[in-house]
Amino acid sequence: MPRWRAWLLVLVVVLVLAVPSLIRQGLESPVTLLARPALFIDYWLHAKQDTFWDYLSRQEALVAENASFRTEVNNLKSKLLAAEQVTAEYRELRQVLGRLASDQTGVIAKVVSSPSRSPYDVVFLDVGEDNAALRVMPGQLISVNNILLGTVEAVFPRLSRGRLFSSPRQKLEVNLGPEAIPVTIVGTGGGNFVASLPRIVTITPGDLASVPALGSRVVAQVGVVDNNPEEPFQTVYLKTPVNIFTLDWVIIHDF
């Protein structure tokens with residue numbers, strides 16, 4: 001056999017033995033390359049699984065703790081608001097007590113329903129037959145800052161109802177102005193009064209109306225005077241000197 005044929009035969013045998021291995025390696029390399037990220041992710045998930053759940057647990061604990069802190073802060077804010085309200089009421093009560101005359105006695109009452117919530121200038125007070133320091137009776141006066149407001153109309157076990165002098169159609173005899181002109185004022189509601197006087201009588205806005213039968217205490221103040229030269233009488237509009245819609249504390253007392 002010629003030598004070149006022998007070498008050719010050897011080459012063929014080598015190729016037959018080597019080609020399958022090369023083909024197998026060539027096929028495995030792309031598959032391995034493509035599968036490597038998936039294998040890495042699978043490894044990372046298994047390796048980090050415990051750490052991930054621990055992280056979630058810590059986050060849930062932080063959320064719960066934050067919610068607890070918020071609840072506590074809201075509770076503290078509510079307590080602070082209540083304390084501020086009590087402090088404000090205490091200061092108002094001290095002011096009311098400070099305005100009492102030295103010889104005046106009475107019951108301090110909190111207004112639980114003012115004319116802004118009750119019709120016809122009616123007020124409800126938080127003292128009654130069972131919870132007042134002194135006896136509360138119908139007919140007693142209701143005042144604030146030495147201004148007469150009205151009288152006690154009815155007394156219940158733990159509540160009293162008062163009617164203001166400015167209640168519609170309620171009449172009151174007063175002395176008006178510095179000359180103490182006697183006149184009848186009529187309530188029109190909302191802390192307002194109206195009176196009619198001869199036009200020749202001089203009345204000025206700001207003049208006070210006092211009740212001589214009740215110790216000459218002030219009950220109203222002139223706001224507007226409608227003096228029409230063509231009419232024989234002038235119309236005087238008066239108003240309670242305090243805002244009855246924001247009443248908080250009043251005094252119930254005798255004449």
Reported set for segment 189-236 where residues are under 35 Å from the mean Cα position of the chain (by Cα) and either assigned to a strand (DSSP E or B) or among the β-branched types (Val, Ile, Thr) (or both) is Gly189, Asn192, Phe193, Val218, Val219, Ala220, Gln221, Val222, Gly223
Please tell me if Asn175 is farther than 15 Å from Ile147 by Cβ and touching a helix residue (DSSP H, G or I) at 6+ places or on another chain (Cβ under 6 Å). yes
Subset of segment 166-208 (residues that are under 18 Å from Pro115 (Cα atoms) and charged (D, E, K, R)): Arg169
Look through Pro229, Pro198, Pro212 and report the one residue that is at pLDDT below 95, surrounded by fewer than 20 Cβ atoms within 10 Å (Cβ to Cβ) and closer than 21 Å to Ile252 by Cα. Pro212
If a residue counts only when it is among the polar types (S, T, N, Q), free of Cβ contacts under 8 Å to residues at least 24 places away in the same chain and outside the structural domain of Gly190 (by TED's automatic domain parsing), which strands (runs of 3 or more DSSP E) contained entirely in segment 106-159 have at least 1 such residues? 107-113, 147-155
If a residue has to be over 21 Å from Leu214 (Cβ atoms) and either under 26 Å from the mean Cα position of the chain (by Cα) or surrounded by 13 or more Cβ atoms within 10 Å (Cβ to Cβ) (or both) to count, how many in segment 128-155 make the cut? 3
On the basis of being assigned to a strand (DSSP E or B) and in contact with a Phe, Trp or Tyr (Cβ under 7 Å, 6 or more places away or on another chain), does Ser167 make the cut? no
For segment 89-129, which residues satisfy the criterion of being of a type in the set (Asp, Glu) and modelled with pLDDT of 85 or more? Asp121, Asp126, Glu129
Residue pairs within 9 Å by beta carbon, gap of at least six or interchain, first lying in segment 167-195 and without any contact (Cβ under 8 Å) to a residue 60 or more places away in the chain and under 16 Å from Gln234 (Cβ atoms), second of a type in the set (D, E, K, R) and in a strand (DSSP E or B), listed first then second, are Pro182/Glu173; Val183/Glu173; Thr184/Lys171; Thr184/Glu173; Ile185/Lys171; Ile185/Glu173; Val186/Lys171; Phe193/Lys239
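The values are calculated or read from the model by the stated rules, or taken from the named source; none is laboratory data. Fair warning: this is a prediction, and the values are worked out from it, not measured in the lab. For neighbour counting, all protein chains shown are included, and Cβ atoms are generated from backbone atoms with ideal geometry for every residue, glycine included.
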